[in-house]
Amino acid sequence: MLNRFVDFINIKKLILPGTTTLLAVSGGKDSMVMADLMLKAGYPIHIGHINHHLRGEESEADAKFVEAFCSAHQIPFHQYNIDPYLLAYGNLQEKARLIRYDKLMTWATEFNCAQIATAHHLDDRIESFLMFIMRGTGLTGLSSIAAKNKHIIRPILWATTDEIINYIHEQGITYREDSSNQSDKYLRNQVRHHVIPALTQADSRALSGLKTTIENMESTSTIFDFLLDKYAETLISYTTDYKMVSLLEIMKSDFAPELLFHLIKTEGFNIYQCRDVIRDLNGQFFSLTHEATIHQNTLIIRKLTETLPFEPTLIAHIPAKVHFRNKQISIEKVNEFPQDVKSTHSFYINAASIQWPITIRTRQDGDSFKPFGMHGKKQKVKDFLINKKISSFDKEEVLILEDQKQILALLPYTIAHEVQIKNQNTDIILIKYI
């Protein structure tokens, strides 16, 4: 079993050479077998134990058992006690899972562990596969539990429960029995106690057949993801703040919503929103972590961030710098106006045309100015941005630079007609929007 364990880790590239692995150990037979195999294989490890405090003295005994095991084998031990009040309402299993993984990630970062190992095995994988089917799933769900998911690895995913029990007997491994595993309160236990036995009774090949199906689905999912990534390269572009998905090519497909969903599901958007995007090509959409808007047949996506209102900033002297979200506006005096202005975010204005002090602020309804290049013709700021085909997200980044009588610049797009440089003898001010 040890050889199969090491081979599986090497083939799947689960552990980076020379790194430490954090094991999630409950004290049950699966996690204790994983810990034993990791020790015998010689991998550097830490062990983390989460005490859910759901089974009274039994939970306390589990924690002491794992701590004693770590002490006997000189393994760094970490324990976290979940406040039972946090699990009193809602989906207990889901909340407990989120707390567990959050704490494991914290430990991994704190103690420089490159990966986190959980003791999921083949029977767990089959149970999950059946549960996903019962609840409704796609290709990812049909692949069930993966051997590696980012920093999470599952080094005994190949082993059956029978193989784990045989190894325990052969090696004399001690473990703790979780009494809740015998209850049919949870769906997984119902599948384990009733559905799988019924399947194997109906056909003795059921478990091997399910294993083969999962492996086939995993292979298909890997190929699908590879091809989708290649296709996405032609449709998706990125800036510092945005992910931009071109919709025109997608709309030519008979399954456009489904295709879009696979391209943006990592940002938390669902298939129903994708159908709305393709049908209307308009509107704004929100997930728990991101927001999206449609502009010129492009879906523009950015992270949701809490932004404080920008207060108007008065500038009486230069040089000066003003910070706005993740932008910086600098204002300084320079000696000359370059013949070739290469930066699209650098603006030169005539200092003599300014009535100090000046103010930097966000847009307001009714703002109007005389844009450079329009020969002194006045235009509403709103209309200027519409004519420039500026997206709703980019409109939020616009700042007004004004003095005591007029708008001097619309950052980061243009200056006003009145402040343009007409000769080199003029005192010049440089404004940078970075």
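The values are calculated or read from the model by the stated rules, or taken from the named source; none is laboratory data. This one's a predicted model, so the numbers in the text were calculated from it and none came from an experiment. Here the Cβ is made from the backbone with ideal geometry for all residues, glycine too, and neighbour counts use every protein chain on show. All accessible areas refer to the heavy atoms of the entire protein, side chains included, with ligands and DNA or RNA removed. Shrake-Rupley method; radii C 1.70, N 1.55, O 1.52, S 1.80 Å.
Residues that are within 18 Å of the chain's Cα centre (by Cα), among the polar types (S, T, N, Q) and either more than 23 Å from ILE50 (Cα to Cα) or not in a strand (DSSP E or B) (or both) within the range 99-117 comprise THR106, THR109, listed in sequence order. Within the range 31-74, the set of residues being open to solvent by 40 Å² or more (accessible area, probe 1.4 Å) and part of a helix (DSSP H, G or I) comprises LEU39, LYS40, GLU57, GLU58, GLU60, LYS64, PHE65, GLU67, ALA68, SER71, ALA72, HIS73. Is it the case, given these coordinates, that GLY48 is at pLDDT 95 or above, touching a Leu at 6+ places or on another chain (Cβ under 7 Å) and more than 18 Å from ASN181 (Cβ to Cβ)? Yes; evaluated as a whole, the condition is true for this residue. Just one of the listed residues (ILE300, ILE318) is on the phi < 0 side of the Ramachandran plot, in contact (Cβ under 8 Å) with a residue 60 or more places away in the chain and part of a loop (DSSP other than H, G, I, E, B), namely ILE318. Within the option set SER330, SER368, SER346, SER391, being in contact (Cβ under 8 Å) with a residue 12 or more places away in the chain, touching a Lys or Arg at 6+ places or on another chain (Cβ under 6 Å), under 30 Å from GLY283 (Cα atoms) and not hydrophobic (A, V, I, L, M, F, W, C) holds for one residue only, SER368. May I ask you to list pairs of residues, at least six apart or on different chains, whose Cβ atoms are under 7 Å apart, with the first in the range 219-233 being over 19 Å from GLY141 (Cβ atoms) and the second being open to solvent by less than 70 Å² (accessible area, probe 1.4 Å)? Qualifying pairs under 7 Å: ALA232/LEU263.
Residue pairs whose Cβ atoms lie under 8 Å apart, separated by 6 or more positions or on different chains, with the first residue in the range 194-207 and farther than 17 Å from LEU122 by Cα and the second open to solvent by less than 100 Å² (accessible area, probe 1.4 Å) and in a helix (DSSP H, G or I), are ASP203/GLY209.
Filtering GLU170, GLU258, GLU249 for residues that are part of a helix (DSSP H, G or I) and either modelled with pLDDT of 95 or more or on the phi > 0 side of the Ramachandran plot (or both) leaves a single hit, GLU170. The sole residue among ILE358, ILE278, ILE301, ILE271 that is within 17 Å of GLN420 (Cα to Cα) and at pLDDT 90 or above is ILE358.
Check PHE324, PHE337 and return the single one that is farther than 29 Å from GLN296 by Cα and either modelled with pLDDT of 90 or more or surrounded by 15 or more Cβ atoms within 10 Å (Cβ to Cβ) (or both).
PHE337
Restricting attention to the range 138-166, the residues being farther than 18 Å from ASN3 by Cα, open to solvent by less than 20 Å² (accessible area, probe 1.4 Å) and part of a helix (DSSP H, G or I) number 1. Under the condition of being acidic (Asp, Glu) and touching a helix residue (DSSP H, G or I) at 6+ places or on another chain (Cβ under 7 Å), the residues counted in the range 290-310 number 0.
Does the range 208-216 contain any residue that is open to solvent by less than 70 Å² (accessible area, probe 1.4 Å) and farther than 22 Å from LEU142 by Cβ? Among the residues of the range 208-216, not one is open to solvent by less than 70 Å² (accessible area, probe 1.4 Å) and farther than 22 Å from LEU142 by Cβ, which makes the answer no.
Would you confirm whether or not the range 118-137 contains a residue that is more than 27 Å from LYS13 (Cα to Cα), outside any strand (DSSP E or B), without any contact (Cβ under 8 Å) to a residue 60 or more places away in the chain and open to solvent by less than 70 Å² (accessible area, probe 1.4 Å)? Looking for residues that are more than 27 Å from LYS13 (Cα to Cα), outside any strand (DSSP E or B), without any contact (Cβ under 8 Å) to a residue 60 or more places away in the chain and open to solvent by less than 70 Å² (accessible area, probe 1.4 Å), one finds at least one in the range 118-137, hence yes.
Among the residues of the range 90-123, what is the count of those that are touching a His at 6+ places or on another chain (Cβ under 8 Å) and among the hydrophobic types (A, V, I, L, M, F, W, C)?
Taking the range 90-123 first, the residues touching a His at 6+ places or on another chain (Cβ under 8 Å) are 96, 105, 107-108, 111, 113-116.
Retained after the next criterion (residues that are among the hydrophobic types (A, V, I, L, M, F, W, C)): 96, 105, 107-108, 111, 113-114, 116.
Residues meeting the conditions: 8.
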